[in-house]
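Have a look at the structure below, then the notes.
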Amino acid sequence: MASHDPQFEDRLNQEYNLKGRTRLAALFSIALYVLFIGLDAIYAPQYFMTFLFIRLGVLAAVGLILLVLSRTNSSRSVMNVALALALIDAAAIAIMIYILGGFLSSYYQGLNIIVMGMIVLIPLTFRWTIYLYVSIWIMYAVPSFVRYFLGQKPIVVDGAEIEVWRFVTNNLVFLTSIIVVGAFGSSIMESIRRRELRSRIKLEETTARLQESNVKLKSLDELKTQFFSNVNHELRTPLTLILAPLKAVLEGRMGKLSPTHKDTLETMQRNGYKLLKLISNLLDLNKLEEGRMRLRLKNVNLVAFIPPLLAAVKPLADQRQVRLYSQNPPHPVDLTLDPDQFEKVVFNLLSNALKFTGKGGKITIYIEEKDRTVTMTVEDTGIGIPEDMLETIFDRFSQVDGSKSRAQAGPGIGLALAREIVLVHKGSIRAESELGKGSRFIVEMLKGDEHFDDEVLDRRSEDMPIGLRRRLTDTNEPHVRDIVSDFRRRQLVDLEKVDIESGRVDKAKIHDALVLCIDDNPEVLKLMKMLLADDYDLELVSSAEKGLAFLKAKNPDLVLCDVMMPGMDGHAFARAVKKDESLKHIPVILVTARTGAEMLAEGMQAGADDYISKPFDSTELKARIRGQLRLRQMEAELSLVNRNLRMRTSDLVDQQKSLFLSTVKSLASAIDAKDGYTRHHSTRVTEFTVKIAKKMGISGKELGDLELAALLHDVGKIAVPESVLNKPGKLTDEEFKLIKDHPVRGESILSPVVELKEIARIVRSHHERYDGTGYPDKLKGRVIPLGSRIMAIADTYDSITSERPYRRPASHRFAVKEIIGCSGTQFDPEVVAHFLETASTFVPNQGQDQEEEAKKA
Ligand code: ADP
């Protein structure tokens, strides 16, 4: 339980004030020793003087202990002093107990007081407590036992004798129990003390670490702020120096410009102003948040201050078909403010109102004067702001998420800047809104000028952006000044509309490939047009949805698509294209301002064929487009070659098939020719088979197979010698076996050809019988292929009606009767039924033969 870390031990004793509490215990023991003199006088008057001496001795010793204590500092020594104090107190009581008769005295209660008092008063360690308790027990028990064994008489209480051993037991049990309880208490209290100290130390360490990081963060923040404002200054100066000559060029001071040049330079100028505005706003915001903004206060009549600002916004409002109104008191409303800064507040509120108010909407500025304040309210009938965002929109970079708002995405610093400006004027700003109905921004300003903090006031006379100050003396650069005043006029540059006609660019020019460009920013479309119009037919559209519709209608050769767009974004577009079988071959190149591996991976996963990040280099853009187009062309050529190859292969297969067929057909005629009696047998069987099959509704490939099977059904007879085939007499068993083998042989001749597999099966089974007694496999019923069952009837009919070496031909009627007779045994009754339906059209062999005979004659 004891920790071996001396530092920790010292700390523990310090925290729990070991020294102070030992002193307290010493004082307590002095007080108690003095008080108990009274008890001595009552309980043991016979020993009063002895006890008085003992007590005085203890008091002197405790006095000495107090002296030592005041000079002791190490926690171990204090602990020893505390132990000594307890032992002295206990020893004195032990002596008095001995004098009073050992176990027979009730003075042992004094020891109980020490046992309990010590652990309560002094934070002794468990080990020290045990030392103390063992010593107390010995101090009491040993001398008392000595008295006991020397012999003591029983005590008489109320006339009854109580033996001494009962007192021994009683007192020892009580003292021991108190010591055990005390030891437990001491152990528990010590572990609590240690645990508490450990947590406190941990807490202190964490706090120290936090403080350290806090200091680091603060210095980092300062550095960042410093860096930020340096960068901002450094950006503003070169930007101003780009814009100034640009303005001079655009004004025609350096020669006349062609419309294309003018257009391009204007785009550059507009975007330069946008950048300048952003940088200036960030710089202002930074200054305000750091308390470095200085105000140049003037007395302003707000009623006269607002109209020129509204007039500046009017053309943009007209463009967007939004009406502007103002309502103010009929008398001047004076306010002390920094007009340049307050103008930014008004412009920001107006520009937001314009951004988020659709065609036909209305924006109103109200000015109201109260006792001590003036409020300016900018109210619009636009899309509104969700209630939970009404506070947070004033935070830096905060934006309401939602497609409508995203379509007008800005950097999210306008309102933060407005709030800071208002706050530095000691005013307040808040928003109220109803989603879908509109928003109101209410700015409340205090009248008079007493409320301004002295340190925010700028007493200098010159007002010029910091980046420009050092150029003031440079009289050869008058345009730099113009940029400053221009910049004030162009606070609403974000809202300026860029003219770019969507749709096909320059229809007169025809190029090899049609490229579809999709971007919600008209200026990017304009740039695409400038870069690509000479090489490709271009279609410009402003949303992915429109792009998809165009894709389906016109099948362009390639798509360049922006990623971050309101509504369907570039990734969703790429996914939609690649999912559509009819469109997926069209290459999609995504164009994005966001870079990074994750973005790239997301684009590629969506199925984009390539990715290009803004700002892109025109050569790179063109090279990527060319690469994709070439790839696509090669793919198209390859698929053409493939198609041709497939066609040629199928031609060859067809040729092979017909060659094979003519071969097997000649084989069939060869067999027919071999058997003089059965001439044309195969042809006739084929004819009959087809007739029955058609009656049964068989058609298409199945019928074709059956026809071929019938033609070839006796092909196996090629292996049977003519002498056997044409033998007039009875056949020997051997010869009969040879003949019976022909279906199997027929199958083995045909089966090597894959296309004839089914035919081979029919041929093999054409001598099977419906009742299962046929050959070669003894198949039964419908297990016999249908073709074989049909062919069996056709074959039998022709055999009966033909002349054979061993018999005369029988008549048609006879043959039909025979077949009916064998229905259900040799033949399938269903097929027999169909045979009967068509049998009347069968022309028996003898007719043909007779005709032929006649012809020959
Ligand atoms: P930014 O500098 O991008 O214009 P602001 O700080 O001016 O950003 O505005 C923050 C957000 O507050 C906007 O993106 C928009 O979502 C919301 N907002 C501001 N004014 C209005 C308004 N009049 N109507 C609807 N939403 C607004």
Quiz item: What base-10 log of the normalised intensity I(q)/I(0) is obtained for segment 40-162 from the Debye formula, alpha carbons as equal point scatterers, at q = 0.10, 0.15, 0.16, 0.18 Å⁻¹?
Solution: -0.38, -0.77, -0.85, -1.01
Exercise. Starting with the highest mean, order 537-543, 636-642, 660-666 by the number of other Cβ atoms within 10 Å, averaged over the residues of each peptide.
Key: 537-543, 660-666, 636-642
Quiz item: Once amide H atoms are built 1.01 Å from N in the peptide plane, which residues 5 or more positions from SER802, or in another chain, come under 5 Å H to H?
Solution: ALA810
Quiz item: Residues of segment 82-123 with amide nitrogen under 19 Å from the 7 Å Cα-to-Cβ point of ILE192?
Solution: 115-123
Practice problem: Pull up all non-local amide H partners of HIS585: gap of 5 or more, or a different chain, and H-to-H distance under 5 Å with H placed in the peptide plane. | Solution: none
Quiz item: Rounded to a whole number, what is D in µm²/s for segment 697-827 from Stokes-Einstein with the Kirkwood radius over alpha-carbon pairs (4 °C, 1.567 mPa s)?
Solution: 84 µm²/s
Practice problem: Using only the Cα atoms, work out Rg/Rh for segment 161-220, with Rh taken as the Kirkwood radius, to two decimals. | Solution: 1.62
Quiz item: What percent does the relative contact order of the chain come to when contacts are Cα pairs within less than 8 Å and at least six residues apart?
Solution: 5 percent
Practice problem: With 5 Å bins from zero, work out the P(r) of segment 267-319 over every alpha carbon pair and list the percent per bin. | Solution: 4, 14, 10, 15, 22, 21, 10, 2
Quiz prompt | Highest to lowest packing among 734-743, 213-222, scored as the average C-beta count within 10 Å | solution = 734-743, 213-222
Practice problem: Any chance you could give the angle, 0 to 90 degrees and rounded to 10, that helix 570-579 forms with the longest Cα principal axis of the chain? | Solution: 30 degrees
Quiz item: So what are the ³J(HN,Hα) numbers for segment 40-49, from phi and the Karplus equation (6.51, -1.76, 1.60; θ = phi - 60°), rounded to whole Hz, Gly and Pro as x?
Solution: 4, 4, 7, 7, 9, x, 5, 9, 3, 5
Quiz item: How far is the Cα center of segment 285-347 from the Cα center of segment 15-86, in Å?
Solution: 84 Å
Self-check item: Extension gain, ALA593 back to TYR806 (0.36 nm per residue minus Cα-Cα distance, nm)
Solution: 66.8 nm
Quiz item: Excluding ligands and nucleic acids, what accessible area in Å² is computed for TRP128 using a 1.4 Å probe, to the nearest 10?
Solution: 20 Å²
Practice problem: Find the accessible area per residue for the chain; the probe is 1.4 Å, ligands and nucleic acids are left out, and the unit is Å². | Solution: 53 Å²
Quiz item: How long are the three semi-axes of the equivalent ellipsoid for segment 191-288, computed from the Cα gyration tensor as the root of 5 times each eigenvalue, in whole Å, largest first?
Solution: 59, 11, 8
Quiz item: Over the heavy atoms of PHE227, what accessible area does a 1.4 Å probe trace out, to the nearest 10 Å²?
Solution: 140 Å²
Quiz item: What is the Rg over Rh value, at two decimals, for segment 550-589, using alpha-carbon atoms and the Kirkwood definition of Rh?
Solution: 0.94
Self-check item: Counting DSSP beta bridges with both ends in the chain, the antiparallel % (nearest 5)
Solution: 55 percent
Exercise. Sort the following peptides by mean Cβ neighbour count (other Cβ atoms within 10 Å, averaged over residues), highest first: 585-593, 247-255.
Key: 585-593, 247-255
Quiz prompt | Karplus-derived 3J(HN,Hα), 6.51/-1.76/1.60, for each residue of segment 179-195, Hz, glycine and proline x | solution = 5, 4, 4, x, 5, 4, x, 4, 4, 5, 5, 5, 5, 5, 4, 5, 4
Quiz item: Using a simple charge model, +1 on the beta-carbon of Lys and Arg, -1 on the beta-carbon of Asp and Glu, nothing else, what dipole does the chain show about its Cα centre, in debye to the nearest 20?
Solution: 720 debye
Quiz prompt | Structure-based [θ]222 nm, the chain - -39500 (n - 2.57) summed over DSSP H runs of at least 4, per residue, nearest 500 | solution = -20000 deg cm²/dmol
Quiz prompt | Calculated diffusion of segment 564-625, Stokes-Einstein form, Kirkwood radius summed over Cα pairs, 10 °C and 1.306 mPa s, µm²/s | solution = 131 µm²/s
Quiz item: How large, in percent, is the carbon and sulfur part of the accessible surface of the chain at a probe radius of 1.4 Å?
Solution: 57 percent
Quiz item: Roughly speaking, what is the stretch gain from GLU455 to PHE227, that is 0.36 nm per residue apart minus the C-alpha to C-alpha distance, in nm to one decimal?
Solution: 79.7 nm
Exercise. Compute the Rg/Rh shape ratio of segment 131-242: radius of gyration over Kirkwood radius, all on alpha-carbon atoms.
Key: 1.73
Self-check item: P(r), alpha carbons of segment 284-430 - 10 Å bins starting at zero, rounded %
Solution: 10, 39, 37, 13, 0
Practice problem: Take the Cα radius of gyration of the chain and divide it by 2.2 N^0.38 Å, with N its residue count; two decimals is plenty. | Solution: 2.02
Practice problem: Report the normalised scattering of segment 109-193 as log10 I(q)/I(0) at q = 0.18, 0.25 Å⁻¹, calculated by the Debye formula with identical scatterers on the alpha carbons. | Solution: -0.78, -1.17
Self-check item: Among MET118, SER666, PRO329 the positive-end extreme of the charge dipole of the chain (Cβ point charges)
Solution: MET118
Quiz prompt | Tail beyond 13 Å, pair distance distribution of segment 55-111 (Cα, percent) | solution = 62 percent
Quiz item: Nearest 10 degrees, 0 to 90: what angle lies between the long axis of helix 259-289 and the longest principal axis of the chain (Cα atoms)?
Solution: 30 degrees
Practice problem: Taking H placed 1.01 Å from N in the peptide plane, check which residues at least 5 places from CYS561 or on another chain put their amide H under 5 Å from its amide H. | Solution: ILE518, ILE589, LEU590, VAL591
Quiz prompt | Percentage of interatomic Cα-Cα distances in segment 563-675 larger than 17 Å | solution = 70 percent
Quiz prompt | DSSP-defined antiparallel bridges as percent of all bridges, segment 310-396, nearest 5 | solution = 60 percent
Practice problem: Quick one: what are the phi-derived ³J(HN,Hα) couplings along segment 628-644, Karplus 6.51/-1.76/1.60 with θ = phi - 60°, whole Hz, x for glycine and proline? | Solution: 5, 5, 5, 4, 5, 4, 4, 4, 5, 4, 4, 6, 5, 4, 4, 4, 4
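The values are calculated or read from the model by the stated rules, or taken from the named source; none is laboratory data. Everything quoted here is computed from the prediction, not taken from an experiment. Here the Cβ is made from the backbone with ideal geometry for all residues, glycine too, and neighbour counts use every protein chain on show. These area figures cover heavy atoms from the full protein model, side chains too; ligands, DNA and RNA do not enter into them. Shrake-Rupley method; radii C 1.70, N 1.55, O 1.52, S 1.80 Å.
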